[in-house]
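Chemist: Following this message is one structure expressed as structure tokens.
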Amino acid sequence: MNRNEEKILLSHGNGGRKMHELITGLFVKHFGNKILKQQSDSAILPSDSEEIAFTTDSFVIDPLFFPGGNIGKLAVCGTVNDLSVSGAEPLFISVSFIIEEGFPMSDLETIVKSIAEEAKKAGVLIVTGDTKVVNKGKCDKLFINTAGIGRIDKAKRLAGKIRSIRPGDLILINGPIGEHGMAVMNARESFNFKTPVKSDCACLNDLIMQVLDYSTSVKFMRDPTRGGVATVLNELTATKKFGIRLDEEALPIGKGVRAMCEILGFDPLYVANEGKVIIVAAEKESRKILEVMRKNKLGKQSAVIGRVVSDHPGKVVLKAETGGSRIIDTLTGDPLPRIC
């Protein structure tokens, strides 16, 4: 099929292979410059005195309200976390609304209050924005777009450190995976599982700064949102001379998420998170970093989940509890649309 006949699919927005192909084959192709080609969560912009991190995101979640948050809280957390995993101190954000005619004013006020509360907790200022109202049926209730600006201490700069990743480095995460995606799915479909699942939606800037204040051996950070842990690690290993081995026994997965995934046929490694950060660090300091993370309320269940290896370069392999192994590939389908 030639490009003129292709259509945009939901899978082009799920964070997996189709989305990567869209970004590299279309957007980077036409917009390409050396800053954009970094393809990190935040662009690192040079300035006379210090480096600046700049990011943007759009939020189209369904439903707008879910256990643990709503689209407003999600917008702030997503923006703050994208800045933080680049080693930046989040400072300012913009918030723009596209609102469908007929949307309840009370719901909008609840969402706006959540934005204000979460921004205050994270220590960021909302400094600009925009509002558009469209005809009924021309937008699904409410869409939010954000942009964020942060300041980078050069001692904590992570851009470029990916080149220093070596076999033996450890993979850490600050807690149970898959909670956001399963909470949204449960709220959307009204499954009413007996074991409640709550979104992990949270701003991670304090936890991340505590880690970076302690250690200079952190080589990579990323928040595993769309596409989950599996997609982040596949992006990390793509075209690299190293692989990653995950330990299934070490993966932190809550009972509710595990039960839902087993019943519905999802793999928790591909389910979205909104309050988790994956860290790659040198083994010599990883245990201490783990201690630092566990002292933070958002990192009490932090764990080492895998290791960088020289075997199977370019691939992520899961060592199963039963003793076998399987390749964890990049997400190709679209199991959970509209989760962020």
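The values are calculated or read from the model by the stated rules, or taken from the named source; none is laboratory data. This is a predicted model, so every value here is computed, not measured. A quick note on method: Cβ atoms are made from the backbone with ideal geometry, for glycine too, and the neighbour counts reach across all protein chains shown.
Chemist: Looking at the stretch 140-180, which of its residues are out of contact with any Leu (no Cβ under 7 Å at 6 or more places or on another chain) and within 20 Å of S114 (Cβ to Cβ)?
Modeler: Matches in the stretch 140-180: D140, F143, I144, N145, T146, A147, E179, H180.
Chemist: If you scan the stretch 35-51, which residues turn out to be over 25 Å from G15 (Cα atoms) and either outside the structural domain of S86 (by TED's automatic domain parsing) or touching a residue at least 60 places away in the same chain (Cβ under 8 Å) (or both)?
Modeler: Selection gives E50, E51.
Chemist: Moving on to the next point. If I filter the stretch 49-63 for residues that are in contact with a Phe, Trp or Tyr (Cβ under 6 Å, 6 or more places away or on another chain) and within 20 Å of K156 (Cβ to Cβ), do I get at least one hit?
Modeler: Scanning the stretch 49-63 turns up no residue that is in contact with a Phe, Trp or Tyr (Cβ under 6 Å, 6 or more places away or on another chain) and within 20 Å of K156 (Cβ to Cβ).
Chemist: Looking only at residues in the stretch 1-52 that are part of a loop (DSSP other than H, G, I, E, B) and of a type in the set (G, A, S), which one is modelled with the lowest pLDDT?
Modeler: S49
Chemist: Among the residues of the stretch 24-34, is there at least one that is out of contact with any Cys (no Cβ under 6 Å at 6 or more places or on another chain) and touching a residue at least 24 places away in the same chain (Cβ under 8 Å)?
Modeler: Checked the stretch 24-34: no residue is out of contact with any Cys (no Cβ under 6 Å at 6 or more places or on another chain) and touching a residue at least 24 places away in the same chain (Cβ under 8 Å).
Chemist: Considering only residues of the stretch 97-127 that are surrounded by 13 or more Cβ atoms within 10 Å (Cβ to Cβ) and among the polar types (S, T, N, Q), which is nearest to G275 (Cα to Cα)?
Modeler: Ranking the candidates gives S114 first.
Chemist: Have a look at K297, K319 and point out the one that is of a type in the set (D, E, K, R) and more than 20 Å from the chain's Cα centre (by Cα).
Modeler: K319
Chemist: Moving on to the next point. Just for the stretch 53-76: of the residues that are in a loop (DSSP other than H, G, I, E, B) and out of contact with any Pro (no Cβ under 7 Å at 6 or more places or on another chain), which one is surrounded by the most Cβ atoms within 10 Å (Cβ to Cβ)?
Modeler: That would be I61.
Chemist: Quick check on this structure: which one of L236, L207, L251 is within 21 Å of V76 (Cβ to Cβ) and modelled with pLDDT of 95 or more?
Modeler: The match here is L207.
Chemist: Scan the stretch 209-250 for residues that are of a type in the set (V, I, T) and over 29 Å from D62 (Cβ atoms) and jot them down.
Modeler: V211, T216, V218, T237, T239, I244
Chemist: With respect to A53, is the statement that it is out of contact with any strand residue (DSSP E or B) (no Cβ under 7 Å at 6 or more places or on another chain), within 20 Å of G275 (Cβ to Cβ) and among the aliphatic types (A, V, I, L, M) true?
Modeler: No.
Chemist: Here is a further query. Considering only the stretch 15-37, I want to know if a residue exists there that is touching a Leu at 6+ places or on another chain (Cβ under 9 Å) and among the polar types (S, T, N, Q).
Modeler: Taking every residue of the stretch 15-37 in turn, none turns out to be touching a Leu at 6+ places or on another chain (Cβ under 9 Å) and among the polar types (S, T, N, Q).
Chemist: Among the strands (runs of 3 or more DSSP E) lying completely within the stretch 222-340, list those that include at least 2 residues that are surrounded by fewer than 17 Cβ atoms within 10 Å (Cβ to Cβ).
Modeler: 325-327
Chemist: Testing S86 on (1) more than 15 Å from the chain's Cα centre (by Cα); (2) surrounded by 24 or more Cβ atoms within 10 Å (Cβ to Cβ); (3) assigned to a loop (DSSP other than H, G, I, E, B), one condition comes back false. Which one is that?
Modeler: (1)
Chemist: Please list, ordered by first then second residue, the pairs with beta carbon atoms under 6 Å, 6 or more apart or interchain, first in the stretch 253-272 and in the same structural domain as A303 (by TED's automatic domain parsing) and without any contact (Cβ under 8 Å) to a residue 24 or more places away in the chain, second exposed (fewer than 15 other Cβ atoms within 10 Å of the Cβ) and assigned to a helix (DSSP H, G or I).
Modeler: none
Chemist: On to the next question. For the stretch 186-208, state whether one or more residues are surrounded by fewer than 20 Cβ atoms within 10 Å (Cβ to Cβ), of a type in the set (A, V, I, L, M) and over 27 Å from D57 (Cβ atoms).
Modeler: no
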